[in-house]
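Comments concern the structure below.
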Amino acid sequence: MPVPARPGGVGRVSFIVLAMLLLAAPATAGGYTTTPRLGSHAMVGPNMPPEHVDALFGASGRAHLSIVRADVHASAVFPLSPDEPRWESVDTLRGAARTHRLQVLGVLSGVPLWLARCPPVTADWWKCPPADYAAWGRTVERIVERAPEIGYWEIVNEANLSQQYFYGDALEYAKFLRATSAAIRRANPKAKVVFTGVVGFGPWLDKVLSQPGVAGSFDVANAHFRGGIGKLDDMVRRARADYRTHGFNGPLWVTEMGYPSDIAYQWDPGFRGTEWKSGFHAQADYMRGAVRALLRAGAARVFVTLRNTEGHWGLFTSEGMINWPLPGFKASYAAVMRIAGRMARRYERRLKRTARLRPGT
C-alpha cells in the first residue's frame, strides 16, 4: 500500500473538508460541466470497493473531466468458467458511470486461467494470450453486452512493453487486437475501440500496424507521454505521423500523462521543488503546461493522472493529483480543475450556440 503524501496548497482544515467531500457521494452527483478534451486516469480496478470507485468518479467529475479510465479484467468476471460470471466489478463501473453521468474508457485485459495459453504455473497468467480466440471473443461479447455504459474499450495497457502487461510479441498483439475488436463491435456497434497505450515509438508499433486488417480494427490511436514540456509537441506529432504512415487517420488520445509531486522523483529541472510544499506546486505547474502543450500539438483527448500506484511509494504513486489511500487534493488537482473548467464552459457555450442555430430549435 502506498504511503500517502502530505497535502499541498491547502491548510489543515481545508484538507479535512476536501477529504470528506472526496469520500462522500454527493446527493446530486452527475451535475458536472465537463470538457470532452480531458479525461481521468484513475487506476480504478476490479477489486476496488464500490465506495472508492464512486469517490474517484466523483473527484473526476468535480474536476470537469468527462471520462474515467478504468480496468476491466475478464479474469475477474469469469474466474472459473464461462458459465459462472461474477459481474460485481463491471456493475460497479456501470453504476458509477450512471450516477456521475461520466463516460468510461474500459481497459480490457485479463484472460481467464481456464482460457490462457500458458502453463498453469505461469506467474501472472492473466497476461497470456488466449488458447482459443473464438472462446475469447465470446467472453468479450458477454462483457461488452453487459456494460453498454462503457462506450470506449482500450485493448490492454502498454502492450508494447515486453512481458510487462501482455505475454506476446507484436504479431500476437495484432491478432489479439483484431479478435477483441471484432467481438466488441459485434456486441456494441456504437462502441469505439482504442489501441493500447504505446510507450515509446519504434519497431513494435510498425510491426503491429503493418499486419493485415489492424488499421481498421481500432477507432482511436493511443500513447502514454511523460517527458519534458518542451518535447511533448514533438512526441505528439511523431505519434500521429507513425499511425498515419500505416493508414490510420483517426484521433490520438494520450491516456496517461502525469508528473510526480515528490521532489525525489521530479526529473525535469524546470519543475523541481526543494521541499514537499514546493514539490506539490512544481507538479501543478508542470500539469498546467503539459495539458496545454499536448492539446495544442494535436492530441484529441488527454487523461491526467488522478490517482496512480505501483504498490509502494515511488515515482508513479507520486503522480496522482490526489493522495491515496488517504483522500486529499494536491495543488495539481486545483490547477487542472481550473483549466478543465474553463474548457468545459467554452464547450457548453458552443453547444448552446449550435442548438440555437439549428432549424426548428
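The values are calculated or read from the model by the stated rules, or taken from the named source; none is laboratory data. This is a predicted model, so every value here is computed, not measured. When we count neighbours, we look across all protein chains shown, and the Cβ atoms used for this are built from the backbone with ideal geometry, even at glycine.
For region 78-98, state whether one or more residues are closer than 19 Å to ARG301 by Cα, more than 14 Å from the chain's Cα centre (by Cα) and buried (at least 21 other Cβ atoms within 10 Å of the Cβ). Taking every residue of region 78-98 in turn, at least one turns out to be closer than 19 Å to ARG301 by Cα, more than 14 Å from the chain's Cα centre (by Cα) and buried (at least 21 other Cβ atoms within 10 Å of the Cβ).
Out of curiosity, is ALA299 in a helix (DSSP H, G or I), at pLDDT 95 or above and not charged (D, E, K, R)? It would help to see each step written out before you state the result.
On the way: in a helix (DSSP H, G or I): no; at pLDDT 95 or above: yes; not charged (D, E, K, R): yes.
Against the criterion (in a helix (DSSP H, G or I), at pLDDT 95 or above and not charged (D, E, K, R)), ALA299 does not qualify.
Scanning region 305-329 for residues that are at pLDDT below 95 and touching a strand residue (DSSP E or B) at 6+ places or on another chain (Cβ under 7 Å) returns ARG307, ASN308, THR309, GLU319, GLY320, ILE322, GLY328, PHE329. Considering region 239-255, the residues that are in contact with a strand residue (DSSP E or B) (Cβ under 9 Å, 6 or more places away or on another chain) and part of a loop (DSSP other than H, G, I, E, B) include one that is nearest to ARG69 (Cα to Cα), namely PRO251. Among the conditions (1) buried (at least 24 other Cβ atoms within 10 Å of the Cβ); (2) touching a Lys or Arg at 6+ places or on another chain (Cβ under 7 Å), the only one that ALA297 does not satisfy is (1).
Pairs linking a residue in region 277-292 that is under 11 Å from ILE339 (Cβ atoms) and touching a residue at least 24 places away in the same chain (Cβ under 8 Å) to a residue that is assigned to a helix (DSSP H, G or I) and hydroxyl-bearing (Ser, Thr, Tyr), with Cβ atoms under 6 Å and 6 or more positions apart or on different chains, are ALA284/SER332; MET287/SER332.
Within region 244-288, if we keep just the residues that are out of contact with any helix residue (DSSP H, G or I) (no Cβ under 6 Å at 6 or more places or on another chain) and among the β-branched types (Val, Ile, Thr), the residue that is surrounded by the fewest Cβ atoms within 10 Å (Cβ to Cβ) turns out to be THR274. Looking at GLY9, is it outside any strand (DSSP E or B), out of contact with any Asp or Glu (no Cβ under 7 Å at 6 or more places or on another chain) and at pLDDT 50 or above? No, not satisfied. Scanning region 256-272 for residues that are closer than 16 Å to GLY197 by Cα and part of a loop (DSSP other than H, G, I, E, B) gives a single hit, GLY258. Filtered by the rule that a residue be crowded, with 17+ Cβ neighbours inside 10 Å, touching a residue at least 12 places away in the same chain (Cβ under 8 Å) and more than 16 Å from LEU209 (Cα to Cα), region 161-187 gives TYR165, PHE166, TYR167, ALA182, ALA183, ILE184, ALA187. For region 195-209, the candidate set comprises residues that are crowded, with 17+ Cβ neighbours inside 10 Å, among the hydrophobic types (A, V, I, L, M, F, W, C) and part of a loop (DSSP other than H, G, I, E, B); within that set, the residue that is farthest from the chain's Cα centre (by Cα) is VAL199.
Listed here are the residues, each with its yes/no results for (1) at pLDDT below 95; (2) assigned to a helix (DSSP H, G or I); (3) on the phi < 0 side of the Ramachandran plot.
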residue: ARG178; (1), (2), (3): no, yes, yes
residue: ARG185; (1), (2), (3): no, yes, yes
residue: LYS190; (1), (2), (3): no, no, yes
residue: VAL193; (1), (2), (3): no, no, yes
residue: GLN211; (1), (2), (3): no, no, yes
residue: PHE218; (1), (2), (3): no, no, yes
residue: GLY230; (1), (2), (3): yes, yes, yes
residue: VAL236; (1), (2), (3): no, yes, yes
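Taking the listed residues VAL90, VAL107, the one that is in contact with a Lys or Arg (Cβ under 6 Å, 6 or more places away or on another chain), under 25 Å from PRO36 (Cα atoms) and modelled with pLDDT of 95 or more is VAL90, with no other qualifying.
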